[in-house]
Amino acid sequence: MRPLSLSGAWVHEPKIFPDDRGSFHEWFKAPVFTEAVGHPLTLAQANMSVSSRGTLRGIHAADVPPGQAKYVKCVRGAVLDVIVDIRTGSPTFGQWETVRLDDRDHHAVYLSEGLGHGFMALTDDATVVYLCSEGYAPEREYGVPPLDPAIGIDWPADLTPILSAKDEQAPTLAEARDQGLLPSYEACVAYRESLGR
């Protein structure tokens, strides 16, 4: 696993073994994950979404602690996955990084508790699976709009974004910060470090 530019985010780039039957790869290995991240992945929930081309999901996160860390992979089609640093006080607050996830290269991303997550479907029937460290708890969940110009994510220009009403109406990053909705960088780092003990 390779660390990304945002503290608390990694990408897994597996070796793929193709043959005349298809291919094989290991998309998650606990020892490799634990060595890279510093703690094991506790699995509380596994999700799957299927999205039509242009669907834009996110930017979602959950209160820390306990937050909700995610290990994300696209098993059919392709998505542009984005991780956004929404942790107040972080040296990279408001910055983002994208990783293409698809059924060819089979990359996966891991984002720690407190980071925001979203993606845009680049193909029809883009199927994404998520391993989550905590279960869904609507009272702890929040988001910021993926089209917030202050964040300025470079989404594909050739696609018309299809958003849920919830994602469209989410408070902007600045509004969420001013309303005290966002986790602090210090709390996120302290929580992540506590998982390795």
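The values are calculated or read from the model by the stated rules, or taken from the named source; none is laboratory data. Please read all numbers here as calculations on a predicted model, not as lab measurements. Cβ coordinates were reconstructed from backbone atoms using ideal geometry, including for glycine residues, and neighbour counts include every protein chain displayed. Side chains are part of the model used for accessible areas, which takes the heavy atoms of the whole protein and leaves out ligands, DNA and RNA. Shrake-Rupley method; radii C 1.70, N 1.55, O 1.52, S 1.80 Å.
General remarks:
- You will find that of THR55, THR34, the residue that is under 15 Å from THR127 (Cβ atoms), of a type in the set (Ser, Thr, Tyr), open to solvent by less than 60 Å² (accessible area, probe 1.4 Å) and out of contact with any Lys or Arg (no Cβ under 9 Å at 6 or more places or on another chain) is THR55 and no other.
- Restricting attention to the range 62-83, the residues being open to solvent by less than 10 Å² (accessible area, probe 1.4 Å) and in contact with a Gly (Cβ under 9 Å, 6 or more places away or on another chain) number 6.
- Selected residue (only one of THR42, THR34, THR92 is part of a loop (DSSP other than H, G, I, E, B), more than 24 Å from ALA137 (Cβ to Cβ) and either at pLDDT below 95 or polar (S, T, N, Q) (or both)): THR92
- Criterion violated by GLY22 - all others in (1) exposed (fewer than 13 other Cβ atoms within 10 Å of the Cβ); (2) touching a residue at least 60 places away in the same chain (Cβ under 8 Å) satisfied: (2)
- Selected residue [closer than 25 Å to GLU13 by Cβ and acidic (Asp, Glu)] from GLU168, GLU186, GLU113, GLU134: GLU113
- Of residues in the range 1-19 being within 25 Å of GLN95 (Cα to Cα) and outside any loop (DSSP other than H, G, I, E, B), the one most open to solvent (accessible area, probe 1.4 Å): ARG2
- Considering the range 119-144, and only residues there that are within 27 Å of ASP103 (Cα to Cα), touching a Pro at 6+ places or on another chain (Cβ under 9 Å) and in a loop (DSSP other than H, G, I, E, B), the residue that is least open to solvent (accessible area, probe 1.4 Å) turns out to be SER133.
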